[in-house]
Structure formats: structure tokens, C-alpha cells
Amino acid sequence: MTEKMRAMVLTKLAPIEEKPLKLTEIDKHEIKRPIEILIKIEACGVCHSQLHGIEGDWKDLGIPPELPTVPGHEIVGKVVEIGDDVTKFKVGDRVGVMPLLESCMKCQYCLEGKENLCESMDVLGESLKGGYSEYVTASEDFAIKVPDTMKPEYAAPLFCAGVTAYKAVKASEPSKNKKVGIFGIGGVGHMAIQFAKLEECNVIAVSRNQKHLEVAKKLGASEVITFNQDQEKFLEDLKNKVGLLDAAIVFAPADIVTDTAIKSIKKGGLVVIATVGKIQNFVAFEEKTIRGTLIGSREDMKEVVRIADEHNLSVVSEKYPLEQANEVLEKLKNSEIEARAVLIP
Ligand SMILES: [Zn+2]
Ligand SMILES: [Zn+2]
């Protein structure tokens, strides 16, 4: 008989207040190919994009692609079993997995080290393989080593929030004293502040939430500005406090934020959009550049783990038991999570 495991399963897209995730005993994943490892999950971060998926906001984008699913796409855990051909890991090693659970390894993107753009990738948390659960299997090629010294609640958020932040900051072409605005300070934004600081940028944090701005200040943002739906007021405030920005990075999935970010940069400046976002107004003659990013590659991920370890980056996280996934997502929706929540099975 197949062994069972606990998982928070999504069978129907619904507002989180209706508690759509149900604690369910599902078949424990088993190693199916010789290159796979079985991971006992120690922690899974609760990402904001997961909330959008669960509530059906991103249905038109094909997220989630099927139901039922077990959400959760940034995990860290221990290898408890390895397939016959596994060479990179042994039982007892600690690993993390990003949303990128697997890609084809054959297409142009994969061959160029841009596997996060592969057309036929599998995403963790968009099938029954997800992090809001006890075990998951992964190909050894898509698991990333995590130092034994890193706590689970520290390491897990690196695997989506951390790598997304890192990639976006890199895309903003950071350099010393460059004035970079970070729009949206949550799980991802609080990491981005630190990556931008490491590049000696002058970081301006923007959020509508006071609590998040406090976090931003603590992490070294040189100025924090409250986001205002009234765009003119916001831009006036920005100009008074710091002047127009050299670059802006958008993590808040709202078109008004993207639009405001574009208007917040100088002519010739650069906007990085690291979330879903439509561009409403784009004036070619201002010579601005708009660039999109999606998570990051495995090489980026390795860099994030290395940098976090070496520079002792802060991961602001709070722990909750797996069973409280609905409640945690509701808190996230109501901006009651300081930066990142993690679920512990
Ligand atoms: Zn995520
Ligand atoms: Zn591919």
C-alpha cells in the first residue's frame, strides 16, 4: 500500500476567506526516475503569487494550470532517499527547490542557462507536487545545496523571494550611488533592498504599508516613501524627498504601481518588472527601458545561497504550522505578515 502524507490541497479556486485549502492525506511522492531525490520538507515559504493563484486572479494566465494542486513553491528540506543514478546528493544533505521544478534541458533557453524561460517547465506548487506538504521529489539537477547551518525558515524564502529579488536587482544594472526605487516591500522586496545595498545603490523603498516601510528602513533603505494611489501626489512627494530615480524595480502586481514606477524614473532610466504587469503609458521619446524578469536560473539560485550565507543577509520570516496555510494566506492578503511567512509541516 502507498504511504500517505499530509498536504494542504486546493481543489477549487476561491477567496482565501473561504478557506479553499483542505488538509488532506494524499499519496506520498515516490522516486519514479533514477535521477530523482526524495525530500522531506522542513519549511515552505508562503509567496504572494500563490495567493493570487489560489484566489483565481491569475486564471487567465493559466495559473494554476490544473486542479487539484498542492501550492507552495519555495522549499527547503532534507534528502531522505536517492534514486540509483543520483550523484550530486546523498541521504542527509539539505537542499532547496525553487518554483522551477524541472525544465526540458534541450531547448535554446535551457542550453543558454535561461531554463527559467523554458516553454515546457514544471512548476513546483502547480500540481500535486507542492511545498504545503511533507515530502516532494525532484530531479537532482534542480535541487540546490543548502548549508547545514541555515535554519529552514531562513533558507526557504531564498528559493523564490530571494532569487526573484536577486535577479531583478541584477537586471536593474546596479552601481555605486545609483538611485534605485523598490516598489513593493514584502517577501521579495525586503531581499531586494539588501541585494541593491550590496551593490552600493542608494535604495528608496516604496510601499503602502507602514509596517513594511519600517522593515525597509531597518534593512538599510536610505529613504522610504508611502505609496499613494493619487499618482500626482506620490510623484510630488518623491521629487521633494529624493528626486526622480535612476531605476525602479516593481514587485507589486498592480498596474497602477507599474505605471507610477515608470513615471518615477528619469528619462533614459530603467524599470524592471518582476511580477505580472501591463504597461499602460509608455513614451518612446523619454528613452526609458522596461525589462521583465521571472524568478531566476539555477546559477542565480546558487549565487543567492552563497551571498546570503557570506553576507549574512536578513530573512525576515515568521513560522506557522502547515495546517494554518489558509489563515497565513489571509494574513498575507491583509498585509499582516511583516515580510515572509513559512509553513512548517
Ligand atoms: Zn513565489
Ligand atoms: Zn527547455
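The values are calculated or read from the model by the stated rules, or taken from the named source; none is laboratory data. Computed from a predicted model, the values in this text were never measured in an experiment. Cβ: placed from backbone, ideal geometry, glycine included. Neighbour counts: every protein chain shown. Areas reflect the complete protein model, heavy atoms only, side chains present, ligands, DNA and RNA absent. Shrake-Rupley method; radii C 1.70, N 1.55, O 1.52, S 1.80 Å.
Highest GNM mean-square fluctuation among GLU81, GLU115, GLU232, for the chain modelled with Cα contacts below 10 Å: GLU232. Of the residues ASP84, ASP309, ASP122, the one that moves most in a GNM of the chain with alpha-carbon contacts below 10 Å is ASP84. The loop-placed GluC sites (Glu not before Pro) in segment 268-345, going by DSSP, that have at most 11 neighbouring Cβ atoms within 10 Å of their Cβ come out as GLU287. Structural descriptor for segment 168-210: relative contact order 48 percent, calculated from alpha carbon pairs under 8 angstrom and at least 6 residues apart. Given a cut-off of under 8 Å on Cα pairs at least six residues apart, what relative contact order in percent is computed for the chain? Across the chain, relative contact order equals 18 percent.
Entry comment: accessible area of the chain is 44 Å² per residue, from protein heavy atoms only and a probe of 1.4 Å.
Could you give the angle, 0 to 90 degrees to the nearest 10, between helix 187-198's Cα long axis and the longest principal axis of the Cα atoms of the chain? Orientation of helix 187-198: about 60 degrees from the principal axis. Mean sequence separation of contacting Cα pairs (under 8 Å, at least six apart), scaled by the length of segment 14-100, corresponds to a relative contact order of 34 percent. Evaluating kT/(6 pi eta Rh) at 20 °C and 1.002 mPa s, with the Kirkwood radius of segment 215-255 over Cα pairs in the Stokes-Einstein relation, gives 185 µm² s⁻¹. For the chain, the longest principal axis of the C-alpha atoms and the axis of helix 161-171 are separated by about 40°. Taking every DSSP helix (H) stretch of at least 4 residues in the chain, weighting each as -39,500 (n - 2.57) and dividing the sum by the residue count yields a mean residue ellipticity at 222 nm of -7500 deg cm²/dmol. In terms of its C-alpha gyration tensor, segment 1-53 comes out prolate, because a/c is 1.5 or above and the ratio a/b outweighs b/c. Note on the chain: dipole from Cβ charges, positive end direction compared against ILE337, VAL91, CYS47; the farthest Cα belongs to ILE337. For segment 43-121, the alpha-carbon coordinates run over 40, 33, 19 Å along the three principal axes, in decreasing order.
Counting only Cα atoms, the chain measures 67, 42, 36 Å along its principal axes, largest extent leading. Across the accessible surface of segment 191-345, with the other protein chains kept in place and a 1.4 Å probe, carbon and sulfur atoms take up 45 percent.
For segment 1-100, the average shadow cast by the Cα convex hull is 7.3 nm², which is a quarter of the hull's surface. Each Lys and Arg contributes +1 and each Asp and Glu -1, all at the Cβ; summed about the Cα centre of the chain, the dipole is approximately 780 debye. Counting charges near ASP300 (Lys, Arg +1; Asp, Glu -1) among other residues having Cβ under 12 Å from its Cβ returns a value of +3.
Placing a label point 7 Å from the Cα of GLU336 along the Cα-to-Cβ direction, the residues of segment 1-36 whose backbone N falls under 19 Å from that point are 15-22.
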